[in-house]
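A short write-up of the structure that comes next.
The values are calculated or read from the model by the stated rules, or taken from the named source; none is laboratory data. Owing to the predicted nature of the structure, the values given are computational and were not obtained by experimental measurement. Heads up, the Cβs are rebuilt from the backbone with ideal geometry, glycines too, and the neighbour counts pull from every protein chain shown.
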Amino acid sequence: MTNRIAFITGGNRGLGFQTALDLHAAGVAVVIGSRDLKQGEQAVSKLRKAGADADVLQFDVTQPADHRAAFDYFHTKHGRLDILVNNAGIAAGGFPATGPEHSVAEVPSELLKRVFETNFFAQVALTQALLPLLKKSPAARIVNLSSILASLELHAKPGSPIYDAKSFAYDASKTALNAFTIHLAYELRNTNIKVNSAHPGWVKTDMGGDHAPMELREGGKTSAALATLADDGPTGGFFHQGQPLPW
Ligand SMILES: NC(=O)c1ccc[n+]([C@@H]2O[C@H](COP(=O)([O-])OP(=O)(O)OC[C@H]3O[C@@H](n4cnc5c(N)ncnc54)[C@H](OP(=O)(O)O)[C@@H]3O)[C@@H](O)[C@H]2O)c1
C-alpha cells in the first residue's frame, strides 16, 4: 500500500521519534504528536531533513480535546488514518525503580492513577476517537507500546529475566494495555485492522536511561515492523523484534 499516513504519539523524542524515522524509511508519511509544540517542530524539521513527509500536532494524550483535534486533522487532511502508534508513556520513576512507584505497599494512589491515566485510559480513549478513521484505511495497523514488564507470566516465574525487576505502577499499567490489545484485536478480527503490543527492548532513552543495552536505532524496529505488517501478519499478539512474548 502506498501513501500510508501514521500518527505517532510522543514523537518528539526517544522511541517515538525513532519510529517516525523508521516509518519514513518504509515510505510512510508521519505525523508526530508532541506536548510541547516547539520541541515537536524541532523534531519535524529533523525528520524533513531526513527526507520525511512529516508534520506535527500539539498533542497531550490525556486531553480529550486533543483527541478531537487529532481526529479533525486526519479527517480533514486525509479522510483516514492508516497507522496509529500509541507510543506516549510515562514510567513514574526511573529504571531500576527505587521510588514509591515500584512497591504495592508504598505507591500513593494518586501516582498509580496518574500512570494508569497516561499509559492505559488515555490510550484507550484516543484509539476510540480515531477508530472511525482507521476503519477507512484499507489496512490499518495499531501498535500499543507495551513492555516486557507487562508480562504476568514472566513476573510470576522465579528466575525469569524480569522476576526481580518489579515496578508496580508502570508494570500494571502496561499489563492493562496488553488487555486492551487483546480485546480490541478480538473486536476487530473481521476487519482489515491489526492490533499488536510491542516490547521495544530496554532502550537508551530518557526513560530507559544510559545503562540500557539497546541503542535507539535498534529500539524503533519492533514498533515500525508491527506498524507495517503485511496482510497475512498477526493480530492480537505481543512481540519483540518478531518474536512472541508471553502475556
Ligand atoms: N525505553 C525503554 O527501554 C522502553 C522499554 C519498554 C517500553 N517502553 C515504552 O516505549 C514508549 C516510549 O518510551 P521512551 O523510552 O521513548 O520514553 P521517553 O524517552 O521518556 O519519551 C516519552 C515520550 O512520551 C511523551 N509523553 C509522555 N506523556 C505524554 C502525554 N501525556 N501526552 C503526550 N505525550 C506524552 C513524552 O513527551 P514529553 O517530551 O512532552 O515529555 C515523550 O515524547 C513508552 O510507552 C514506554 O513505556 C520503553
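Brief remarks follow.
- Of all residues in the stretch 46-54, none are within 23 Å of Gln123 (Cβ to Cβ) and of a type outside the set (A, V, I, L, M).
- Conditions (1) more than 22 Å from Ala88 (Cα to Cα); (2) out of contact with any Asp or Glu (no Cβ under 7 Å at 6 or more places or on another chain); (3) within 16 Å of the ligand (Cβ to nearest atom); (4) touching a residue at least 12 places away in the same chain (Cβ under 8 Å): number failed by Gln243: (4)
- Helices (runs of 4 or more DSSP H) wholly inside the stretch 122-210 containing at least 1 residues that are among the hydrophobic types (A, V, I, L, M, F, W, C) and either buried (at least 22 other Cβ atoms within 10 Å of the Cβ) or without any contact (Cβ under 8 Å) to a residue 60 or more places away in the chain (or both): 122-134, 168-187
- Each residue in the stretch 211-228 was checked for being touching a strand residue (DSSP E or B) at 6+ places or on another chain (Cβ under 8 Å), part of a loop (DSSP other than H, G, I, E, B) and surrounded by fewer than 18 Cβ atoms within 10 Å (Cβ to Cβ), and 2 of them qualify.
- Single condition Leu177 does not satisfy, out of (1) modelled with pLDDT of 95 or more; (2) within 16 Å of the ligand (Cβ to nearest atom); (3) in contact with a helix residue (DSSP H, G or I) (Cβ under 8 Å, 6 or more places away or on another chain); (4) farther than 29 Å from Phe74 by Cβ: (4)
- Some residue of the stretch 24-36 being in contact with an Asp or Glu (Cβ under 9 Å, 6 or more places away or on another chain) and at pLDDT below 95: no
- Selection count, the stretch 132-169, where residues are of a type outside the set (Lys, Arg) and under 26 Å from Ala70 (Cα atoms): 13
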